[in-house]
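> Following this message is one structure expressed as structure tokens.
The values are calculated or read from the model by the stated rules, or taken from the named source; none is laboratory data. The model shown is predicted, which means the values in this text are computed figures rather than measured ones. Here the Cβ positions follow ideal geometry from the backbone for every residue, glycine too, while neighbour counts run over all protein chains shown.
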Amino acid sequence: MSSQYKWIAFKNAILNLSAILEEAETDIVRDAAIKRYEICYELAWKSIQEALKREGLEVCKSPKSCFKQAFKQGWIENEEVFSEMVQTRNLTAHTYNEDLAKEIFSHLGNYVVQFNAMKINLIG
């Protein structure tokens with residue numbers, strides 16, 4: 001998958017997550033939003049890998065290390081939120097727990113803001 005394709009996919013994933021968050025919360029909307037968050041998250045750290053390659057820098061091997069490098073490069077503005085996203089992503093496998101799913105869903109609006117800021121800083 002080319003860099004350009006990953007960046008386009010990341011932009012589209014952010015738009016898709018934003019769109020589902022505009023819907024009234026139901027079980028189906030919540031589940032779809034969490035899945036769309038997972039896609040954004042995966043494309044975010046893979047986009048960072050591509051940007052590091054583009055810059056001739058050492059390429060990270062995990063989401064956590066990629067977000068740390070992106071913060072050092074100034075591509076992300078809030079390292080704490082991205083650290084929280086790593087923990088959230090680790091929990092999404094357990095979203096059969098309705099209380100946990102509701103908690104994760106409550107953070108997705110802030111995550112979209114952070115993904116958008118990263119997109120602007122990383123790829124314009």
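> Looking at ALA70, ALA51, which one is in contact with a Cys (Cβ under 9 Å, 6 or more places away or on another chain) and either farther than 19 Å from LYS11 by Cβ or not basic (Lys, Arg) (or both)? Don't jump to the end; show me each part of the working.
On the way: ALA51 fails: in contact with a Cys (Cβ under 9 Å, 6 or more places away or on another chain).
The conditions single out ALA70.
> Return the only residue of LEU122, LEU108, LEU91 being more than 17 Å from ALA13 (Cβ to Cβ), of a type outside the set (Asp, Glu) and touching a residue at least 12 places away in the same chain (Cβ under 8 Å).
On the way: LEU122 fails: more than 17 Å from ALA13 (Cβ to Cβ); LEU108 fails: more than 17 Å from ALA13 (Cβ to Cβ).
Matching residue, one of LEU122, LEU108, LEU91: LEU91.
> For the condition part of a helix (DSSP H, G or I), under 13 Å from MET118 (Cβ atoms), within 13 Å of the chain's Cα centre (by Cα) and modelled with pLDDT of 95 or more, what is the one hit in VAL81, VAL86?
Numbers: VAL86 fails: under 13 Å from MET118 (Cβ atoms).
Criteria check complete, one pass: VAL81.
> Tell me, which residue of the range 1-51 that is touching an Asp or Glu at 6+ places or on another chain (Cβ under 8 Å) and closer than 21 Å to SER65 by Cα is modelled with the lowest pLDDT?
The qualifying residue modelled with the lowest pLDDT is SER3.
> When LEU57 is evaluated against the numbered criteria (1) free of Cβ contacts under 8 Å to residues at least 40 places away in the same chain; (2) out of contact with any Cys (no Cβ under 8 Å at 6 or more places or on another chain); (3) assigned to a helix (DSSP H, G or I), which criterion, by number, is the only one it fails?
(3)
> Within the range 104-118, take every residue that is crowded, with 18+ Cβ neighbours inside 10 Å and hydrophobic (A, V, I, L, M, F, W, C) and give me the one that is farthest from ALA93 (Cα to Cα).
It comes out as MET118.
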